[in-house]
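Here, each number is a calculation from the coordinates, and none is a lab measurement. In this text the structure is predicted, and so the values were computed from the model without any measurement. A quick note on method: Cβ atoms are made from the backbone with ideal geometry, for glycine too, and the neighbour counts reach across all protein chains shown.
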Amino acid sequence: MIANRIVPSVVRRPSSVVGPLSTVHSQLPQAARCCTRGGSLELVLILLSCIALTTSGCALALVGAGAAAGTYAMVQGSAEGFSDAKYDRIWKAAKAVLEEKGTLTSDDEAGGVLKGKVADTDVTVELVKITEASTKMRVTARKNLLPREKLAEEVYTAIAKKL
């Protein structure tokens, strides 16, 4: 007889389960707990670990750089941020900083790229006009193809102070 069979619709984990997975499960937010039923907690943990490993090279360090330049982020060896200053004003400031700190090797105003040498390190300043009053700036410093984050940060900050 079919009427005598009881089929549970959801199998729940007993509350007496103790261990590392039950501790992690109890600390997950409610939205994440719903996807961990049926033993898929291990899959969720593996996916979260993969995401953490793939994005670890893009760690952001937000630092204040003055009112005109707003904040910037250190992204894969480059200092990058947005400014409320006009493109022409930032261009002149970046060109002046590269000439003061080292030598200017090339400037392509139409392409938005300035290149120079500072302390035997190749420095590139890239500008992208977002609006009439907003510009994205990225400063990259590399020596022998290796990033020099500290120098990129110094050049970015020097440009921001000139604005």
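What does the charge count near GLY111 come to, summing +1 for each Lys or Arg and -1 for each Asp or Glu among other residues with Cβ under 12 Å from its Cβ?
Neighbourhood net charge equals -2.
With the contact rule set at Cα under 8 Å and sequence spacing of 6 or more, what percent relative contact order holds for the range 59-162?
Over the range 59-162, the number comes to 28 percent.
I'd like the distance between the alpha-carbon centres of the range 83-109 and the range 131-149, rounded to an integer number of Å.
12 Å
Anything over 20 Å Cα to Cα? Flag those among LYS95/LYS136; LYS101/LYS129; LYS95/LYS115; LYS129/LYS150; LYS101/LYS136, in the order listed.
Over 20 Å apart, Cα to Cα: LYS101/LYS129; LYS129/LYS150; LYS101/LYS136.
Based on Cα coordinates alone, diagonalise the gyration tensor for the range 59-162, multiply each eigenvalue by 5, take square roots, and list the semi-axes in whole Å, largest first.
19, 16, 11
Round to the nearest 0.05 the FRET efficiency obtained for LYS86 and LEU145 when R0 = 45 Å and r is the Cβ-Cβ distance.
0.85
What net charge do the residues around THR131 carry, taking every other residue with its C-beta under 12 Å from that of THR131, with Lys and Arg at +1 and Asp and Glu at -1?
Residues close to THR131 contribute a combined charge of +1.
Which GluC sites (Glu not before Pro) does the range 108-163 hold that lie in a coil by DSSP with at most 15 other beta carbons within 10 Å?
Loop-located and lightly packed - GLU109, GLU132.
Tell me, what ³J(HN,Hα) does each residue in the range 148-159 have, in order and in whole Hz, if you take phi through Karplus 6.51 cos²θ - 1.76 cosθ + 1.60 with θ = phi - 60° and put x for Gly and Pro?
Ordered by residue, 3J(HN,Hα) equals 10, 4, 4, 5, 4, 5, 4, 5, 4, 5, 5, 5 Hz.
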